[in-house]
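Asks: Pasting a structure below so you can have a look.
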């Protein structure tokens with residue numbers, strides 16, 4: 001959703017005259033000094049976006065529900081990685097439930113009030129932060145298991161629930177700015193919007209409320225993943241551990257898809273923050289370019305919520321086998337079909353178990 005930040009010190013009359021413009025948020029509060037920039041939104045039909053969001057919503061609802069079912073069905077033998085992937089599926093499913101609301105706002109504006117504006121904005125942020133933090137945890141778990149082989153399965157199993165709860169708590173803390181500063185604004189000549197209200201001192205607060213969460217919720221986890229997977233890959237190749245390398249394909253694919261979907265949005269958001277804090281020059285052309293890029297990359301980020309189950313289905317042999325086993329057990333398919341499906345071989349690891357989705 002393209003969001004234009006509207007400042008508190010602008011009067012209703014000013015909104016009435018210039019409601020179709022986007023304004024630099026860092027100019028002095030004298031209205032006469034504001035330079036209007038005509039917003040050039042993406043030339044995307046709102047109903048096309050609604051269709052896209054509806055498809056993503058249905059795929060995410062179905063796919064992540066199946067992932068949760070398969071992992072919970074085999075919970076007695078699930079690995080530490082499976083627990084992390086279960087939490088990823090929960091995060092994606094919670095976010096997917098907000099997609100109908102985002103889709104409606106594309107066509108009718110924000111008609112849901114401030115409370116829902118805060119909630120769906122919070123869920124979007126929690127989904128992103130929990131995703132990258134859980135992926136960072138998986139990378140550390142694989143690094144310790146493959147490179148150092150230092151911890152036993154029992155020890156890690158007692159820790160994994162605490163780690164997951166901690167990641168959810170940290171994600172919620174990093175997302176709190178959305179709960180505090182998002183609100184709905186109504187003007188006389190434009191549709192209501194869900195936007196950031198950070199008061200008059202926008203430069204300082206935008207710097208704090210964007211840079212700190214981005215640093216602790218994106219940059220640091222990304223560096224952790226690069227470090228852990230770099231050493232993990234080196235160890236696998238040096239030891240010629242082909243079986244383990246194949247078992248890691250799902251995890252590498254999940255990380256890659258996450259970065260492809262969310263890295264562009266965060267890079268554009270960084271450029272937007274630098275421009276609004278006057279660290280790079282703001283012009284109308286640059287403002288419009290960044291607004292269009294934010295809208296396009298946000299759609300890409302929303303798409304991520306339905307992609308992990310597709311990765312498991314096409315790459316994760318054990319996920320397919322687990323799903324077929326559930327269907328055969330409950331009579332949805334014949335047990336002869338299950339017998340024809342080759343049972344995947346279990347790959348030994350220092351954790352003493354394998355992932356259901358691999």
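Asks: When you scan the range 193-218, how many residues do you find that are more than 16 Å from residue 174 (Cα to Cα) and at pLDDT 65 or above?
Replies: Result for the range 193-218: 5.
Asks: How many of the residues making up the range 287-303 are over 16 Å from the mean Cα position of the chain (by Cα) and either surrounded by fewer than 18 Cβ atoms within 10 Å (Cβ to Cβ) or under 21 Å from residue 124 (Cβ atoms) (or both)?
Replies: So the first thing to find is which residues in the range 287-303 are over 16 Å from the mean Cα position of the chain (by Cα), and the list is 287-293.
Among the residues that remain, those that are also either surrounded by fewer than 18 Cβ atoms within 10 Å (Cβ to Cβ) or under 21 Å from residue 124 (Cβ atoms) (or both) are: 288-293.
The qualifying residues number 6.
Asks: When you look at residue 346, is it at pLDDT below 75, assigned to a loop (DSSP other than H, G, I, E, B) and surrounded by fewer than 18 Cβ atoms within 10 Å (Cβ to Cβ), yes or no? It would help to see each step written out before you state the result.
Replies: Details: at pLDDT below 75: yes; assigned to a loop (DSSP other than H, G, I, E, B): yes; surrounded by fewer than 18 Cβ atoms within 10 Å (Cβ to Cβ): yes.
Yes.
Asks: Using the structure shown, decide if residue 306 is surrounded by 18 or more Cβ atoms within 10 Å (Cβ to Cβ) and farther than 22 Å from residue 215 by Cα.
Replies: Numbers: surrounded by 18 or more Cβ atoms within 10 Å (Cβ to Cβ): yes; farther than 22 Å from residue 215 by Cα: yes.
Spelling it out, residue 306 is indeed surrounded by 18 or more Cβ atoms within 10 Å (Cβ to Cβ) and farther than 22 Å from residue 215 by Cα.
Asks: Identify, by number, the condition in (1) modelled with pLDDT of 90 or more; (2) buried (at least 22 other Cβ atoms within 10 Å of the Cβ) that residue 97 doesn't meet.
Replies: That leaves (2) as the condition not met.
Asks: Residue 282 is checked against (1) surrounded by 18 or more Cβ atoms within 10 Å (Cβ to Cβ); (2) touching a helix residue (DSSP H, G or I) at 6+ places or on another chain (Cβ under 7 Å); (3) in a helix (DSSP H, G or I) and fails just one. What number does that condition carry?
Replies: (3)
The values are calculated or read from the model by the stated rules, or taken from the named source; none is laboratory data. Remember, it's a predicted structure, so these values are computed and weren't measured experimentally. Please note: Cβ atoms are built from the backbone with ideal geometry, for glycine as well, and neighbour counts cover all protein chains shown.
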